[in-house]
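Participant: Before I ask anything, let me first share the structure, which is written out below as structure tokens.
Coordinate-derived values only; no laboratory data. Every value quoted in this text rests on a predicted model; they were computed, and no experiment measured them. Every residue, glycine among them, receives a Cβ derived from its backbone with ideal geometry; neighbour counts consider all protein chains shown.
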Amino acid sequence: MEAEAAKYIAKGMIILSMLATAIGEGMVAAKAMEAIGRNPEAGDSIFSKMIVGMAICESTAIYALVAFFII
């Protein structure tokens, strides 16, 4: 395999990881909103934990974006 082909394969895999990150963030938000709907009294606690979880997911996408432009 030539180096250029490997580079394109790596970039494709990075794009897939960014797509999976977006799907994961959507699932985190959906489940948090569902939990708040079931138990509104715990809304503040759930919301703050959701923000932390989404920030961790987003950091994965940022690392992938950096890797995309380095490769």
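Participant: Would you please name the residue that is nearest to the chain's Cα centre (by Cα), looking only at residues in the stretch 28-40 that are aliphatic (A, V, I, L, M) and either surrounded by 12 or more Cβ atoms within 10 Å (Cβ to Cβ) or outside any helix (DSSP H, G or I) (or both)?
Facilitator: Across the stretch 28-40, the extreme among qualifying residues is V28.
Participant: Here's another thing I want to ask about it. Is it the case, given these coordinates, that G43 is surrounded by 12 or more Cβ atoms within 10 Å (Cβ to Cβ), free of Cβ contacts under 8 Å to residues at least 40 places away in the same chain, in contact with a helix residue (DSSP H, G or I) (Cβ under 8 Å, 6 or more places away or on another chain) and small (G, A, S)?
Facilitator: It is true that G43 is surrounded by 12 or more Cβ atoms within 10 Å (Cβ to Cβ), free of Cβ contacts under 8 Å to residues at least 40 places away in the same chain, in contact with a helix residue (DSSP H, G or I) (Cβ under 8 Å, 6 or more places away or on another chain) and small (G, A, S).
Participant: Return the only residue of E2, E25, E34, E41 being within 18 Å of L65 (Cβ to Cβ) and not hydroxyl-bearing (S, T, Y).
Facilitator: Answer to the check: E25.
Participant: Mind checking which residues of the stretch 46-60 are within 23 Å of G12 (Cα to Cα), surrounded by 13 or more Cβ atoms within 10 Å (Cβ to Cβ) and out of contact with any Asp or Glu (no Cβ under 8 Å at 6 or more places or on another chain)?
Facilitator: If the condition is that a residue be within 23 Å of G12 (Cα to Cα), surrounded by 13 or more Cβ atoms within 10 Å (Cβ to Cβ) and out of contact with any Asp or Glu (no Cβ under 8 Å at 6 or more places or on another chain), then T60 is the only one that fits.
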